[in-house]
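Note sheet for the following structure.
The values are calculated or read from the model by the stated rules, or taken from the named source; none is laboratory data. Because the structure is a prediction, the values reported are computed rather than measured. Because the Cβ atoms are built from the backbone with ideal geometry, glycine has one as well, and the counts that use them run over all protein chains shown.
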Amino acid sequence: MFSLPSSAKKQLPYIALAFVCVFWGTTYLAMRVGLRSISPYWIMGLRNSAAGIILVSYFLFKGHKIPTGASLRRILITGIIILFIGGGLQAYAVQFLPSGLAALIFSLVPFWILLINLLINPSEKTNATILSGLALGFAGQLFVFLGHLNDFGKISGLQGLIAIIFATLFWSLGTVYGKKKKHDAHPLFAAGIQMFVSGFMFDGVAFFSHGKFSVATIPHEAWIALVYLTVVGSLMGYSAYIFALSKLTATEVSVTAYVNPIIAIIAGTVLLGEEFTVSTFVALALTVAGVILINKKIHSKKKKLGTV
C-alpha cells in the first residue's frame, strides 16, 4: 500500500488549510445562487446529509467502527455547534446579505477564537501586538457597518446582520470545543458523522417549516450550486477544515476567515455584480491586517516555546 513520506505528511494539514482558504470563499457565491430557489435549511440539509452518507459509508466499508461514549458525544456536540447552529445561521444570513459582505463579517471568527481562548485561560497574558490586531479588526468591522447602513436599516438587513454575527460566535465556540475535546475517531470519519447528523437535523427543520423538497421546481443553476456546495463546501471543505483542526491549533485554522472574504468578494463582484465600495476595501484591508498581526504574534510565541 502506498504511503506518503513523513515530510509530505507534515504538510498535509497546511495543504488542507490552503484548500479551505481558497475554496470556501466561493461557497458564499454558490449559497447565494442556490438560495434563489431553495430554502437555506433544505440546502444545508441536502448538502450535509449527502456528504455525510458518502464519508460515513466509506469509513464503515474500510472497517472503522462508529465511536461510542465520550468520543461520540464530543463529535456530535462539535458538529451541532459548528454545522447546525453556526452553519444554519450563516445560511440564513446569506439570504439577506451580499455574499462578499457575509464572508467579510464572518472574518470575526479569529477574534472570537482568541477571546474565547483568553476566557478559558485567563492566566494567558496578551500584549500590545495582539491588542493592536484586535483594534484593527474591530475598525474593519466598523467600516462594514458604515458602508452598509442603508442595508442594515431594513428589517431584512438587520436580520442578516444579527444572524451572521451569532453564526461567527457559534462557529468559533465549536472550533475551540472541537480542538479542546479529543476523541479517538479518524478526523475525516468524525467530520462525516457530524455532517450526517446535522444534515438530517436540517432536513427535519426544512420539512416542518417548508414542506417537501420539490425537485421539479428547481432550476438547473440551483442544482449546480447545490452539487458544488455538497462536494466542495461539505465533502471536501468541511473535511479539510476538521482535518486541519485535528493537526493545528484553533488559532492557526482560523486564518481561513481572512482569506475567504477576498475570494468571496471577488467572486460576488465578477459573477453576481455585487457592489464593491471603498468602505468594503478598507474594511477588508483592516480586517486582514488585524488577523495577520494576531496570528504572527501567536506563531512567534509558539516558536520561542519550541512548540512549532
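Pairs meeting the criteria (first residue in region 37-54 and β-branched (Val, Ile, Thr) and modelled with pLDDT under 95, second residue assigned to a helix (DSSP H, G or I) and buried (at least 24 other Cβ atoms within 10 Å of the Cβ), beta carbons under 6 Å, at least 6 apart or on different chains) are Ile43/Gly34. Exactly one residue out of Ile105, Ile80 is at pLDDT 95 or above and touching a Ser or Thr at 6+ places or on another chain (Cβ under 9 Å): that is Ile80. The set of residues in region 67-83 being more than 22 Å from the chain's Cα centre (by Cα), crowded, with 16+ Cβ neighbours inside 10 Å and hydroxyl-bearing (Ser, Thr, Tyr) consists of Ser71 alone. Of all the residues in region 273-304, those that are of a type outside the set (Gly, Ala, Ser), in a helix (DSSP H, G or I) and modelled with pLDDT of 70 or more number 10.
Restricting attention to region 211-239, which residues are over 16 Å from the mean Cα position of the chain (by Cα) and aromatic (Phe, Trp, Tyr)?
Matches in region 211-239: Phe213, Trp223.
Within the set Ile120, Ile162, Ile155, the sole residue that is over 30 Å from Ile54 (Cα atoms) and either crowded, with 19+ Cβ neighbours inside 10 Å or modelled with pLDDT of 85 or more (or both) turns out to be Ile162. Screening Ser57 on (1) closer than 21 Å to Ala206 by Cβ; (2) hydroxyl-bearing (Ser, Thr, Tyr); (3) loosely packed, with under 15 Cβ neighbours inside 10 Å shows it passes everything except condition (1). Considering the conditions (1) part of a loop (DSSP other than H, G, I, E, B); (2) surrounded by fewer than 18 Cβ atoms within 10 Å (Cβ to Cβ), Val231 is excluded by exactly one of them, (1).
Would you confirm, using the coordinates I've provided, whether Gly52 is part of a helix (DSSP H, G or I), under 21 Å from Val205 (Cα atoms) and more than 14 Å from the chain's Cα centre (by Cα)? Taking the combined requirement at face value, the residue satisfies it.
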